[in-house]
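Here the structure is laid out as structure tokens; the discussion comes afterwards.
The values are calculated or read from the model by the stated rules, or taken from the named source; none is laboratory data. In this text, all values refer to a predicted model and were calculated from it rather than measured experimentally. Here Cβ is always computed from backbone atoms with ideal geometry, including for glycine, and neighbour counts include all displayed protein chains. Side chains are part of the model used for accessible areas, which takes the heavy atoms of the whole protein and leaves out ligands, DNA and RNA. Shrake-Rupley method; radii C 1.70, N 1.55, O 1.52, S 1.80 Å.
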Amino acid sequence: MSTHKIAVVGGDGIGPEVTAEALKVVDATGVAYERIDYDLGAARYLRDGVVLPDETLGEWRSMDAILLGAVGDPAVGVAAPAGLVERGILLKMRFELDMYINLRPFRLPPRIDCEVIRENTEGSYAGEGGFLRKGTMQEIATQGSVNTRFGAERCIRYAFEKAMRTERKSLHLIHKKNVLTFAGDLWQRTFDIVAAEYPEVTTGYDHIDAACIHFVERPERYDVVVTDNLFGDILTDLGGAVAGGVGYAASANLNPDRTGPSMFEPVHGTAPDIAGQNKANPIAAILSAAMMLDFLGENAAAERIQKACESPERYEGSTTDIGDAVVAAL
Ligand code: IPM
Ligand code: MN
């Protein structure tokens, strides 16, 4: 088998620390890979103004995966627009490399075992909108949401396929179709059309606000969930919070067609307040690396890591202690 080519972006804040632990665990599984490190993130931007060069993006196109820690720093927002680095790196790679699925699993036995499938290339994230008369009392700001039949359908299809591989075979669409009558209508109609091809899957629909209550009060309601980009962003932070904390929440930005690499990153951010103190929980990064191995076909190694992360008493201690404990548990 050929060696997997993996781009590694530790990034900012706690990103490099948790990524180091994730790679330590990957190394311990014995899976062979070629690692190429990239110095990108807010620190790099503040140093020399580089966000994500086209050349780098070009190199990534021929790689198998990108393992990312976290990028961003509030300091960027002082000299440049807030979120410049996050958009310029994360969103750019999601869009340019067509990582149209953002897969975020949540597990906290006995009540939580669900996977949120977030559309990752459209919606409010598409950047549609602008200002008119900026800075005046008559200022107008619009921010559109781009929803294509193609984009919704490929995401919904992926979700049905996912649901077929679960025990309950249950899939909920989450949106706000009572108010977002155009986008919601497109999503629901597309969902219904695809559903006809999957008679074994039990389907449901919840509004996003109600889904937030269900996530907290009866998370066992959900098996596989599919939703748009912004609702998925918000719902997966909530998912992390209810399933033991965002320190355990892993994610995969998938290009299921494999026309480019997929990217794996914890749901959490850079946590600058605890950066460099060996305090961050690396489990989310380690589980993201397990998702990466799974996607690369290293299913046995992925499963070993997942099992090793399961025992809650191993989650105690410093960043490096937890990494060591997971290695020991492999
Ligand atoms: C996430 C993050 C990003 C998003 C930000 C950093 C742009 O919150 O991956 O959930 O909104 O998608
Ligand atoms: Mn988010």
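Residues of region 81-125 that are within 16 Å of ligand 2 (Cβ to nearest atom) and farther than 19 Å from SER262 by Cα: ALA82, GLY83, VAL85, PHE106, GLY123, SER124.
Residues in region 73-111 that are among the small types (Gly, Ala, Ser) and in contact with a Pro (Cβ under 9 Å, 6 or more places away or on another chain) were compared, and the one that is least open to solvent (accessible area, probe 1.4 Å) is ALA75. Of the strands (runs of 3 or more DSSP E) contained entirely in region 88-186, those carrying at least 3 residues that are free of Cβ contacts under 8 Å to residues at least 24 places away in the same chain fall at 129-132, 140-143. Of all residues in region 207-240, those satisfying the criterion of being assigned to a helix (DSSP H, G or I) and within 13 Å of ligand 1 (Cβ to nearest atom) are ASN229, LEU230, PHE231, GLY232, ASP233, ILE234, LEU235, THR236, ASP237, LEU238, GLY239, GLY240. Taken over region 246-299, the criterion of being under 13 Å from VAL18 (Cα atoms), more than 16 Å from ligand 2 (Cβ to nearest atom) and in a loop (DSSP other than H, G, I, E, B) is satisfied by ALA275, GLY276, GLN277, ASN278, LYS279, ALA280, ASN281, PRO282.
Checked against (1) open to solvent by 50 Å² or more (accessible area, probe 1.4 Å); (2) under 21 Å from SER262 (Cβ atoms), ASP48 meets all criteria but (2). So is ALA195 closer than 22 Å to ASN253 by Cβ, open to solvent by less than 30 Å² (accessible area, probe 1.4 Å) and modelled with pLDDT of 95 or more or not? So ALA195 fails the test.
Of all residues in region 244-269, those that are within 15 Å of ligand 1 (Cβ to nearest atom) and either over 14 Å from the mean Cα position of the chain (by Cα) or charged (D, E, K, R) (or both) total 1. Could you check region 17-45 and list, in sequence order, the residues that are under 19 Å from ALA249 (Cβ atoms) and in contact with a strand residue (DSSP E or B) (Cβ under 6 Å, 6 or more places away or on another chain)? Correct list: VAL18, THR19. For the criterion of being more than 14 Å from ligand 2 (Cβ to nearest atom) and within 18 Å of the chain's Cα centre (by Cα), ASP237 fails.
Total residues in region 2-30 satisfying the condition of being open to solvent by 40 Å² or more (accessible area, probe 1.4 Å), in contact (Cβ under 8 Å) with a residue 40 or more places away in the chain and more than 15 Å from SER288 (Cβ to Cβ): the figure is 3. Checking the stated criteria, LEU254 turns out not to satisfy the condition of being open to solvent by 10 Å² or more (accessible area, probe 1.4 Å) and touching a Phe, Trp or Tyr at 6+ places or on another chain (Cβ under 9 Å). Candidates are the residues of region 198-234 that are open to solvent by 10 Å² or more (accessible area, probe 1.4 Å) and of a type in the set (S, T, N, Q); the one that is farthest from ligand 2 (Cβ to nearest atom) is THR202.
Taking the criterion of being open to solvent by 10 Å² or more (accessible area, probe 1.4 Å) and acidic (Asp, Glu), the residues of region 112-139 that qualify are ASP113, GLU115, GLU122, GLU128, GLU139.
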